[in-house]
1. Can you find, among Val189, Asn86, Ala104, the residue farthest towards the positive end of the dipole of segment 76-226? Put +1 on the C-beta of Lys and Arg, -1 on that of Asp and Glu.
2. Relative to the present Cα-Cα distance, how much length would full extension add between Gln123 and Gln203 at 0.36 nm per residue of separation?
3. Determine how many Å³ per residue the convex hull of the Cα atoms of segment 76-226 encloses.
4. Let me know the charge dipole size of segment 76-226 about its Cα centre in debye, to the nearest 20, where only the beta-carbon of Lys, Arg (+1) and Asp, Glu (-1) is charged.
5. Return the loop-located GluC sites (Glu not before Pro) in segment 65-171 (DSSP other than H, G, I, E, B) with at most 11 other Cβ atoms within 10 Å of their own Cβ; answer none if there are none.
6. Just order 44-56, 172-184 by mean Cβ neighbour count inside 10 Å, highest at the front, would you?
7. Relative to the present Cα-Cα distance, how much length would full extension add between Asn86 and Ser53 at 0.36 nm per residue of separation?
8. Would you grab the residues whose amide H sits under 5 Å from the one on Leu75? Only those 5+ places off in sequence or on another chain, please, with H modelled 1.01 Å from N.
Amino acid sequence: MSDDKNEQDAPEQEAPATGAADAVELHDGGPDEVDDAKSAPADRDERGPFDVSEVPAMRPYVDLGGIKVAPREGLQLRLEVDERANRVVAVSLEYQESLLQVQAFAAPKTTGLWHGVRADLAQQMTSQGGTVVEEEGPLGVELFVETPAGAEQGGTRQVRFIAVDGPRWMLRGVIMGKAATDSAVRERVLDLFRELVVVRGDQPMPPSELLPLRVPEGVQAQRQPGQASAAAQDGAQPA
């Protein structure tokens, strides 16, 4: 895995849009209606994303604290740092002309976060002028979001949100670039997501708190002025 090219620009995000799909139904009800069931593929413990207790101790990983990344050819890793808080808030993985940005959060032992977080994301993106569609993917329900790309660029920008609820954690990914709309490329990026390992730790943490990340030697940290980018906000729910 290369880390000497981490100052490259992120992959182009204005990929062609896929076919139309039914719009997402937003939750209008109160907190009692939020689905707190875990959202994860049936084979998560065998194919990932993994809890640290589920992988061999000798397998090589890049140790970033709350997340471990398996090296692979063509993968470039960058860490997103919130300068104001002076801490790492997300891991960005450039792969297959795409960008996968991941964060891990503390979660309750028996319930999940993704259903509630997904509803909040959909509501926020819609309020900001985006078009939000729920799609069933290999890992569960995904959010496909199209937003205006800006006056200078024109067109729209496509972003796909994915997540898996694991043992006392939720791992969330934001897919940009080619994999957001190209299903063949997305399959390879999802394989990368499923190789990730989450290190929850034994310390008590409130649900939705970001698991601590750290900068290992030889990996470039990309500092963000003020808060991190929109795809890497601190917390399971975007601010």
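Derivation of every value follows stated rules applied to the coordinates shown; laboratory data play no part. Since the structure is predicted, the reported quantities are computational estimates derived from the model, not experimental observations. Reconstructed Cβ throughout: ideal geometry from the backbone, glycine too, with neighbour counts over all protein chains shown.
1. Of Val189, Asn86, Ala104, it is Asn86.
2. 25.6 nm
3. Given the Cα convex hull of segment 76-226, per-residue volume reads 139 Å³.
4. Values: 16 positive and 20 negative charges, 76 e Å.
Rounded to the nearest 20 debye, it is 360 debye.
5. Glu73, Glu152
6. Highest-to-lowest ranking by the protection proxy: 172-184, 44-56.
7. 8.9 nm is the gain from fully extending Asn86 to Ser53.
8. Ser2
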